[in-house]
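Scroll down for the structure; my scribbles are underneath it.
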Amino acid sequence: MRKPCMSFCLIISVFTVINAANVTKSPENIIKTTSGLGKAVAVIKPGTYSADSIIVQKILDTNGRYDQVSDVSDSAKGRIIHLIFNGSSISILPSQIGNLSALNDLDLS
């Protein structure tokens, strides 16, 4: 009688988004995907809505807020240009806010 197969195949994929604040703006870092056995790393292009929204989400998370990024921001030309935190009890602004280079207005009232 044949024994049942005791081996199995497990494929694990780990996707890590590296914060845009930690990425230089050199051309080789625009979009980079590396893959190896069991992992993939994606780098978000700095100066994009995706990179901006990661920073805004960090601000929300740091302050214990559960708002959506789109609920507290306005965008134009693929960048976040206005943050509206009025009445949101924002007390901590992480240093990454400095990477929101298209930000024109920050409303904390």
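The values are calculated or read from the model by the stated rules, or taken from the named source; none is laboratory data. It should be emphasised that the depicted structure is a prediction, and the values quoted were computed from it without experimental measurement. Ideal geometry is used to build each Cβ from the backbone, glycine not excepted, and the neighbour counts take in all protein chains shown.
Observations on the structure shown:
- When the criteria are applied in full, ILE59 fails the requirement of being over 23 Å from PRO46 (Cβ atoms), in contact (Cβ under 8 Å) with a residue 12 or more places away in the chain and surrounded by 17 or more Cβ atoms within 10 Å (Cβ to Cβ).
- For segment 63-109, the strands (runs of 3 or more DSSP E) that sit wholly inside it and include 2 or more residues that are modelled with pLDDT of 95 or more are 73-76, 79-84.
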